[in-house]
Amino acid sequence: MPEGPSIVIAKEQIAPFIGKKVLAVSGNSKTDIQRLEGKQLIDVRTWGKHLLLCFDGFIFRIHFLLFGTYRINESKTTPLRLGLVFTNGELNFYTVSIKMYNGPSWNGTQHGMIHSGKVIAVDGSGSATMISSKMGEYNVIPHHPRDIPVSYGPTEPSYNFGGTEYPSRVYYRKNESN
């Protein structure tokens, strides 16, 4: 399964396509991939194990599942999930999950992607008292669940984006002994 560092490497290898227009789109994704044709790739970002292809007004989130791969300027015999042709080359994704998020920016919290952390301590009622989470691009730190910076998204239990209600954070887990 591709992990965080390999996703960052993918981002770096895909960077030469930033600023380029998508000339052709192909693949068997059920997502509306044809929407990409003629659009300029604004940025490539990572969010945990997700690769984000950022366009004006929407992003495509790529998750590599267990065996997902990508190729730059080459192809495989495996069925193509998403293929993008740019003026300076092609980018092909295989055995990946693709989801599109509409919105004016690519801030993860505005697209149903939430900050998450691993509960590492609970009180007697099962409420989290300490979690370990990724703050910034590489730092993993322990902190109280309510000490998550506002920049990581809303502090309410849920928020609405594009008419869809999304959970924002879970502050407790059920005590498994109950």
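Restricted to the stretch 86-97, and to residues there that are crowded, with 16+ Cβ neighbours inside 10 Å and more than 18 Å from the chain's Cα centre (by Cα), the residue that is nearest to GLY38 (Cα to Cα) is PHE86. Within the stretch 3-42, the residues that satisfy the criterion of being modelled with pLDDT under 90 and within 13 Å of the chain's Cα centre (by Cα) are GLU3, GLY4, ILE7, VAL8.
Just to be sure I understand, how many residues within the stretch 71-85 are buried (at least 19 other Cβ atoms within 10 Å of the Cβ) and over 15 Å from LEU36 (Cβ atoms)? Number of matching residues: 0. Where strands (runs of 3 or more DSSP E) fall wholly inside the stretch 1-79, the ranges with 2 or more residues that are in contact (Cβ under 8 Å) with a residue 40 or more places away in the chain and among the hydrophobic types (A, V, I, L, M, F, W, C) are 24-26, 50-55, 58-63.
The values are calculated or read from the model by the stated rules, or taken from the named source; none is laboratory data. Remember, predicted model here, so these are calculated numbers, not experimental data. All Cβ positions, even for glycine, are placed from backbone atoms using ideal geometry, and neighbour counts span all protein chains on display.
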